[in-house]
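Have a look at the structure below, then the notes.
The values are calculated or read from the model by the stated rules, or taken from the named source; none is laboratory data. In this text the structure is predicted, and so the values were computed from the model without any measurement. Here the Cβ positions follow ideal geometry from the backbone for every residue, glycine too, while neighbour counts run over all protein chains shown. Accessible surface areas use protein heavy atoms only, side chains included; no ligands, DNA or RNA. Shrake-Rupley method; radii C 1.70, N 1.55, O 1.52, S 1.80 Å.
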Amino acid sequence: STQSTGERAQQTLSASEMTELYTAHVLPTIQEMLLETPPLPTLALRIVLVLLEVNKEIALEEHGIVTALVELMKDCDVQEGTCLLILETLTGVLSAESTDFTWLYTLGLPEQLSLLILKLGVSNNAAEQAVLAAISCLTSILNYVMGVVKKALQTKEKAAGEEILRASQCLVNTCGVLLVWYHYTPAPPALLSIAQLYGGQYKDFFTPYNVDIFVGSLKDTDEVTVKTTLKILKRVIGTDPVLLQSMLPGTKNQLDKAVNAVRTSYPTLATLSEEISKLIQRS
């Protein structure tokens, strides 16, 4: 006999039931699939992404999945679709409130992510989506570091702040890629976070190429981007004014002129731009 609509509905699993089913029977096999030969890793990543869409708090590491993700990053071909899937999965993991960042540091995630971002930065064929996903992952880690440092300052636990800064030092290496991709929305805030944490430790902030990027961004029609750029300049120059001394006079004047022009374009940023101009002239 023909089934009624009600009978068919009763036989349809709910999203939560499907998640429970996959958690019990599929997740235990994912780690092995991730470490197998293609196309199994791609299939496994797609399954995990679907599960994260339903429940981003799903316990992936109980089945060694996050550990496998970090392993996959080591030999990831940035020109393949698997790279994007790895980064999208990692984005989901990092956005979960239950994520244990201490464990991720034990796995060496900051180092592997930094290396992958550098590989993406030098590749001529890296997908735009992959770069942006990598910057998203970087932002999540930087937000975590900022939180630990802030708490350390509030509680006067200096050692905890210094420890996380040392463990995250490798993230400074991503500054060059962030500058290349500076015209994309996620890059300026990530670069600002690194500048706030590490000042002028990235020694190539003021190469002619990078100064052109800063100057271009100060002419941006988006006030948020302009303000972010000014904050980066103030932090970097304020902590390490020696960096400006290596600049050619013409390049230095170009930067100073662009900073001063902000006063006219954005009166609300006049004070900030004046402070930076004084720092530039003083160096």
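Return yes when residue 214 is out of contact with any His (no Cβ under 6 Å at 6 or more places or on another chain), part of a helix (DSSP H, G or I), of a type in the set (Phe, Trp, Tyr) and buried (at least 17 other Cβ atoms within 10 Å of the Cβ) and no when it is not.
Working: out of contact with any His (no Cβ under 6 Å at 6 or more places or on another chain): yes; part of a helix (DSSP H, G or I): yes; of a type in the set (Phe, Trp, Tyr): yes; buried (at least 17 other Cβ atoms within 10 Å of the Cβ): yes.
Yes; evaluated as a whole, the condition is true for this residue.
Can you spot a residue in segment 11-20 that is crowded, with 16+ Cβ neighbours inside 10 Å, modelled with pLDDT of 85 or more, not small (Gly, Ala, Ser) and not in a loop (DSSP other than H, G, I, E, B)?
Step one: list which residues in segment 11-20 are crowded, with 16+ Cβ neighbours inside 10 Å, which gives 19.
Subset that is modelled with pLDDT of 85 or more: none.
Looking for residues that are crowded, with 16+ Cβ neighbours inside 10 Å, modelled with pLDDT of 85 or more, not small (Gly, Ala, Ser) and not in a loop (DSSP other than H, G, I, E, B), one finds none in segment 11-20, hence no.
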* To do: Keeping to segment 34-52, report how many residues are open to solvent by 80 Å² or more (accessible area, probe 1.4 Å), free of Cβ contacts under 8 Å to residues at least 12 places away in the same chain and part of a helix (DSSP H, G or I).
  => 2
* Give segment 172-205 a look and list any residue that's open to solvent by less than 30 Å² (accessible area, probe 1.4 Å), in contact with a Gly (Cβ under 9 Å, 6 or more places away or on another chain) and over 16 Å from residue 122 (Cβ atoms), or say none. => 182, 199, 200
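So which of 176, 199, 238 ends up being at positive phi and touching a residue at least 40 places away in the same chain (Cβ under 8 Å)? Before the answer, list the steps.
Values: 176 fails: at positive phi; 238 fails: at positive phi.
Result of the check over 176, 199, 238: 199.
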* To do: Say whether the condition of being open to solvent by 60 Å² or more (accessible area, probe 1.4 Å), of a type in the set (Ser, Thr, Tyr) and modelled with pLDDT of 95 or more is met by at least one residue in segment 264-283.
  => yes
* Asked: Is segment 228-249 home to any residue that is open to solvent by 80 Å² or more (accessible area, probe 1.4 Å), more than 30 Å from residue 166 (Cα to Cα) and either part of a loop (DSSP other than H, G, I, E, B) or among the hydrophobic types (A, V, I, L, M, F, W, C) (or both)?
  -> yes
* Structure fact -> Across (1) at pLDDT below 95; (2) over 17 Å from residue 206 (Cα atoms), residue 251 clears everything bar (2)
* Asked: What is the number of the single condition among (1) in contact (Cβ under 8 Å) with a residue 24 or more places away in the chain; (2) more than 20 Å from residue 52 (Cβ to Cβ) that residue 124 does not meet?
  -> (1)
* To do: Among residues belonging to segment 61-73 that are over 20 Å from the mean Cα position of the chain (by Cα) and within 20 Å of residue 97 (Cβ to Cβ), point out the one that is most open to solvent (accessible area, probe 1.4 Å).
  => 62
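Results for (1) over 13 Å from residue 52 (Cα atoms); (2) over 17 Å from the mean Cα position of the chain (by Cα), shown as yes or no for each residue.
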| position | (1), (2) |
| --- | --- |
| 75 | yes, yes |
| 79 | yes, yes |
| 83 | yes, no |
| 93 | no, no |
| 101 | yes, no |
| 109 | yes, no |
| 112 | yes, no |
| 119 | yes, no |
* Structure fact -> Scanning segment 81-112 for residues that are in contact (Cβ under 8 Å) with a residue 24 or more places away in the chain and assigned to a loop (DSSP other than H, G, I, E, B), the one farthest from residue 160 (Cα to Cα) turns out to be 96
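Can you pull out the residues in segment 217-227 that are without any contact (Cβ under 8 Å) to a residue 24 or more places away in the chain and open to solvent by less than 90 Å² (accessible area, probe 1.4 Å)? Even if it seems obvious, please write down each step before you answer.
Step one: of segment 217-227, the residues without any contact (Cβ under 8 Å) to a residue 24 or more places away in the chain are 220-222, 224.
Hits for segment 217-227 are 220, 222.
Among the candidates 27, 34, 40, which residue alone is in contact with a His (Cβ under 9 Å, 6 or more places away or on another chain) and either more than 17 Å from residue 108 (Cβ to Cβ) or modelled with pLDDT of 85 or more (or both)?
Numbers: 34 fails: in contact with a His (Cβ under 9 Å, 6 or more places away or on another chain); 40 fails: in contact with a His (Cβ under 9 Å, 6 or more places away or on another chain).
So the residue among 27, 34, 40 that is in contact with a His (Cβ under 9 Å, 6 or more places away or on another chain) and either more than 17 Å from residue 108 (Cβ to Cβ) or modelled with pLDDT of 85 or more (or both) is 27.
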